[in-house]
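What follows is a single structure, written as structure tokens, with notes after it.
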Amino acid sequence: MFARHLVALVLASTVAACAGLTGCATETSEDDSNDPSTAAPGDGTSEDAIVSEHSLAGSELPDHTLALSFDDGPGPRSKELADYLASENIHATFFINGKNVPGRQNMLAAELAGGHIIGNHTQNHIQLTNIPAAKLMSEVTLTDAFIAEVQPNGPWLLRPPFGAWNGAAARTINATPMSKYVGSVFWDIGGVLTDTAAADWDCWGKHITIEKCGALYMNEMNTRKRGIVLMHDIHSNTIDMVKQLVPQLKAQGWKFTTIPEVPSIKRALANVSAATAGPDACSSSTLGKSVPANTCVQSRTDQKWHRCENKEWVDASGSADAKCTGAKYPLTTP
Ligand SMILES: [Zn+2]
């Protein structure tokens, strides 16, 4: 009964956030779960699904806590935004479209240098829920190549265009190496423009001022009290709005966290690392995830190298230790 009620709530918020977006998904994960023919093989433990059939959002965040996210970039002013947020000690997640990366690699570098996270928003920003599986996978893997090059240790976060998502898309991805991704990363604030809430792209399309759009975002934040915030760094007005909003939010006592710290997403990230690390895995507090046997990690606490062996950390002589046959994680990349 409770579970069913929860699904209904998730669906209601999905529909609301999609309202007005052309091509928004109408499929529902509830329909999928009621149809035995589409059940995943070995179904029964949610841990099986790294990319969840359901959307992950920020309703469990503490009161007055936000996780900022920016979609559809990198854009011409993404570096400026990344630098600004870093100067405010705010770390956002940038869900990029691979098609926008060529010529703007410096934007990704600035995002990483600012301590931000880069997520996958697919290559061409097309709806994933009504395309063939091969096309869906190319949309995810092409952008993954850009991300893996600059952020090789993850985290791997996926947000589908329009938030359009269903069980079939999740199962397609989970059957491939892209199952390293956690998602669908949804949002709580910024999905739809109304009299009391905002969506930046819709504000600018309707020539609403930066001040008015920012006030609508603030209003929605005060109503919901917490959550993942959706904006789009491809739009110049959005960067100006963020620079107005952040000082106001701080003055009102709002705190900022990151998407990997959002409880539902934190749990999913832990599941993915446990599932991919194997039975002899060790948990690394330095990396914040589990790693397979013979992985070597330089500890943040004592700066010494340690190797994972049979679920235990043993001493290693350094990154050149011959027994370090797996991945090596120095504290600072050379
Ligand atoms: Zn988008």
In contact with a Cys (Cβ under 8 Å, 6 or more places away or on another chain) and among the basic types (Lys, Arg) - does that describe any residue in the range 196-211?
no
Discussion item. I'd like to know if the range 124-144 contains one or more residues that are among the charged types (D, E, K, R) and touching a residue at least 24 places away in the same chain (Cβ under 8 Å).
Written reply: yes
Those residues of the range 83-101 which are farther than 15 Å from residue 242 by Cβ and touching a Phe, Trp or Tyr at 6+ places or on another chain (Cβ under 9 Å) amount to 95, 96, 98, 101
Those residues of the range 282-320 which are assigned to a loop (DSSP other than H, G, I, E, B) and among the basic types (Lys, Arg) amount to 300, 304, 311
Scanning the range 170-221 residue by residue, those over 23 Å from the mean Cα position of the chain (by Cα) and without any contact (Cβ under 8 Å) to a residue 24 or more places away in the chain turn out to be 194, 195, 205, 206, 207, 208, 209, 212, 215, 216, 219
Conditions (1) of a type outside the set (Asp, Glu); (2) touching a strand residue (DSSP E or B) at 6+ places or on another chain (Cβ under 9 Å); (3) without any contact (Cβ under 8 Å) to a residue 12 or more places away in the chain -> residue 317 fails only (3)
Only one of (1) touching a strand residue (DSSP E or B) at 6+ places or on another chain (Cβ under 8 Å); (2) touching a residue at least 60 places away in the same chain (Cβ under 8 Å); (3) in a loop (DSSP other than H, G, I, E, B) does not apply to residue 228, and that is (3)
Exercise for the section: Scan the range 152-163 and give yes if some residue there is farther than 22 Å from residue 73 by Cβ and at pLDDT 95 or above, otherwise no. Expected result: no
Of the residues in the range 145-168 that are of a type in the set (A, V, I, L, M, F, W, C) and out of contact with any strand residue (DSSP E or B) (no Cβ under 8 Å at 6 or more places or on another chain), the one that is nearest to the ligand (Cβ to nearest atom) is 162
Just to be sure before I move on: is residue 233 charged (D, E, K, R), under 24 Å from the mean Cα position of the chain (by Cα) and within 16 Å of the ligand (Cβ to nearest atom) in the structure I sent?
yes
For the range 241-277 the number of residues that are touching a Gly at 6+ places or on another chain (Cβ under 8 Å) and among the hydroxyl-bearing types (Ser, Thr, Tyr) is 1
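Results for (1) farther than 17 Å from residue 217 by Cβ; (2) part of a helix (DSSP H, G or I); (3) not acidic (Asp, Glu), shown as yes or no for each residue.
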residue	(1), (2), (3)
242	no, yes, yes
247	no, yes, yes
253	no, no, yes
264	yes, yes, yes
267	yes, yes, yes
273	yes, yes, yes
280	yes, no, no
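The values are calculated or read from the model by the stated rules, or taken from the named source; none is laboratory data. Source: prediction; values computed, not measured. A quick note on method: Cβ atoms are made from the backbone with ideal geometry, for glycine too, and the neighbour counts reach across all protein chains shown.
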